1. Placing unit charges on C-beta atoms (Lys and Arg positive, Asp and Glu negative, everything else neutral), compute the dipole magnitude of the chain about its Cα centre in debye, rounded to 20.
2. Which one of Val122, Val88, Val141 has the biggest mean-square fluctuation once the chain is modelled by GNM with Cα springs under 10 Å?
3. Along the Cα-to-C-beta direction of Glu133, a point sits 7 Å from the Cα; which residues of segment 87-101 have their amide N less than 20 Å from that point?
4. Could you state the angle between the C-alpha long axis of helix 3-12 and the longest principal axis of the C-alpha atoms of the chain, as a value from 0 to 90 degrees rounded to the nearest 10?
5. For the cross-link pairs Lys49/Lys173; Lys27/Lys55; Lys55/Lys175; Lys150/Lys173; Lys27/Lys179, which exceed 24 Å when the distance is taken from alpha carbon to alpha carbon?
6. Amide H neighbours of Gly77 under 5 Å, at least 5 residues apart or on other chains, H built in the peptide plane: list them.
7. To check my understanding: the extent here is largest minus smallest coordinate of the Cα atoms along each principal axis. What are those three numbers for segment 124-195, in Å, largest first?
8. How many nm separate the modelled label positions at Ser68 and Val88, each set 7 Å beyond the Cα in the direction of the Cβ?
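All of the numbers you see were taken from the coordinates with simple rules; none came from a lab. If you're wondering where the values come from, they're calculated on a predicted model, not measured in any experiment. Counting neighbours? That spans all protein chains shown, and the Cβs are built from the backbone with ideal geometry, glycine included.
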Amino acid sequence: MNRLLVLALALAAGTTSPLAAGDLHGKVTCKGVRNSGDAVVYVAAIAGKTFPAPKEHARIDQANLVFSPHVLPVLVGTTVDFLNSDAVLHNVFSPDSCADKFNLGTWPKGEIRSYTFKKECVSATLLCKVHPEMEGFVVAVPTPYFAVTKPDGSFKIADVPDGAYTVKVWHPKLKATQKAVTVAGPTAADFEIAK
């Protein structure tokens, strides 16, 4: 049934209808890198709205000398738990001001240390002082409407309220981009980024 008709029927019946929403989906083509994965696509802001931080913590594991996931988008205010799954000591720190240049110290296998990303941070580089080859990223964004692209560049952000937004794309090795997107039910938006 047409969404406008549903809204009209709800108003005529005196009921309140929730805001219409749709999935924002598409592809990000990443030029000059192995594949199109690890790009973060997100709705930059929703006028007049702020979002409470989730109670559940996000998690990044350190296994086989790799941060996993390599790129983790979170809502501002989210606490991220860093687990050491390796049989060696690991350290997690970020040199970036937007993450207050945090340093969680060094800890052994099986332990977790946590950090709360209190402000927008696109992006906080994660490094390990024990293993300089390790690198990961946390991207703290102002809305819960975000996704990480798959290797083919595809992404899907569920339940974005209908409206006009700036949608941004960030990638660890390529230049960021943005464009205006009007969401009206299921909406497609494609992007291309390069060095």
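1. My answer is approximately 320 debye.
2. Of Val122, Val88, Val141, the Gaussian network model singles out Val88 as fluctuating most.
3. Hits in segment 87-101 for Glu133 at 20 Å: 87-93.
4. Helix 3-12 sits roughly 60 degrees off the main axis of the chain.
5. Long pairs (Cα-Cα over 24 Å): Lys49/Lys173; Lys27/Lys55; Lys55/Lys175.
6. Hits under the 5 Å cutoff: Phe117, Lys118, Lys119.
7. In descending order, the Cα extents are 48, 24, 19 Å.
8. Taking the two extended label points, one gets 1.6 nm.
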